[in-house]
Amino acid sequence: MTITITAFERSPDGGKGLARDTRVRWALEEVGQPYEVRLVPHQAMKEPAHLSVHPFGQIPTYEEGDLTLFETGSIVFHLAQRHPGLLPKDANARARAVTWMFAALSTVEPPILDLSIAKFQEGDKPWAQDRLPVVQDRIRQKLTLLSARLGDAEWLDGDFSAGDLLMVSVLLRVKPSGLLNEFPKLAAYVARGEARPAYQRAFAAQLAINTAPLPAG
Ligand code: GTB
């Protein structure tokens, strides 16, 4: 059955791979599933056709036969459950890998998103410069503890898993700020993720779309 995901027709990052379709592409590549991409122009995101697939008018989405999903975490989890490669077989190890998926999205990512908001949506507010260090310190708190837990291990809990895929993806969002370099073990962990052939394919695919000429009209 054909898998179709959605992505920005043109990502605001110009192809740096930070939009969340990259996470879904990466998971699809890890489990070896071919997929098609439907590009959603900005003006179509909140129109009924796209809202019927994504209730909040966002990307990415996932369609496979009569199954439609939204929320990156849910899509990655679905793929990891259906196909070998992203979750361990042992039930307890599997539960721990799923725990890292949640940790990435609900513990580590929120302060990182806050930094984007503080810079790009609230940057012109009179209090923005006072808020920035507070937000950066909240990220540092999380990264300090995450780095201590990772230690010198290659991945968070045994073999590479969907937990690592999401954690690396979340950390990639903090990379442009320079904060990641304060944590060499995490920087090396992210580099290991980026070096995976599946990530490389996912990155290249989104880059090709974001650097291709836009269709006329
Ligand atoms: N919780 C949802 C999920 O995980 O799937 C969040 C989905 C989401 O935030 N989608 C964003 C979106 O559709 C794109 S990924 N935004 C349009 C809208 O809400 O109208 C977030 C994103 C966007 C841009 C960059 N960037 O340019 O660096 C990075 C990440």
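The values are calculated or read from the model by the stated rules, or taken from the named source; none is laboratory data. Just so it is clear, the model here is predicted, and its values are computed rather than measured. For neighbour counting, all protein chains shown are included, and Cβ atoms are generated from backbone atoms with ideal geometry for every residue, glycine included.
A few remarks follow.
- Residue, farthest from His54 (Cα to Cα), within region 1-20, restricted to residues that are touching a strand residue (DSSP E or B) at 6+ places or on another chain (Cβ under 7 Å) and near the ligand (Cβ under 10 Å from one of its atoms): Ala19
- Screening Ala153 against (1) exposed (fewer than 13 other Cβ atoms within 10 Å of the Cβ); (2) in a helix (DSSP H, G or I); (3) modelled with pLDDT of 95 or more leaves a single unmet condition, (2).
- Residue count, region 21-67 (criterion: free of Cβ contacts under 8 Å to residues at least 60 places away in the same chain and either of a type outside the set (Gly, Ala, Ser) or within 14 Å of the ligand (Cβ to nearest atom) (or both)): 30
- Residue check, Gly73 small (Gly, Ala, Ser) and in contact with a Phe, Trp or Tyr (Cβ under 8 Å, 6 or more places away or on another chain): yes
- Taken over region 37-92, the criterion of being loosely packed, with under 15 Cβ neighbours inside 10 Å and closer than 17 Å to Leu156 by Cα is satisfied by Lys89, Asp90, Ala91, Asn92.
- Of the criteria (1) more than 30 Å from Glu36 (Cβ to Cβ); (2) out of contact with any helix residue (DSSP H, G or I) (no Cβ under 6 Å at 6 or more places or on another chain); (3) at pLDDT 95 or above; (4) away from the ligand (no atom under 16 Å from the Cβ), which one Ser147 fails: (2)
- Where a residue in region 187-208 is outside any helix (DSSP H, G or I) and its partner, wherever it lies, is surrounded by 14 or more Cβ atoms within 10 Å (Cβ to Cβ), with Cβ under 6 Å and at least six apart: none
- In the set (1) touching a helix residue (DSSP H, G or I) at 6+ places or on another chain (Cβ under 7 Å); (2) in a helix (DSSP H, G or I), the condition left unmet by Gly85 is number (2).
- The one condition in (1) in the same structural domain as Ala191 (by TED's automatic domain parsing); (2) within 13 Å of the ligand (Cβ to nearest atom); (3) surrounded by fewer than 16 Cβ atoms within 10 Å (Cβ to Cβ); (4) under 22 Å from Asp21 (Cα atoms) that Thr99 fails to fulfil: (2)
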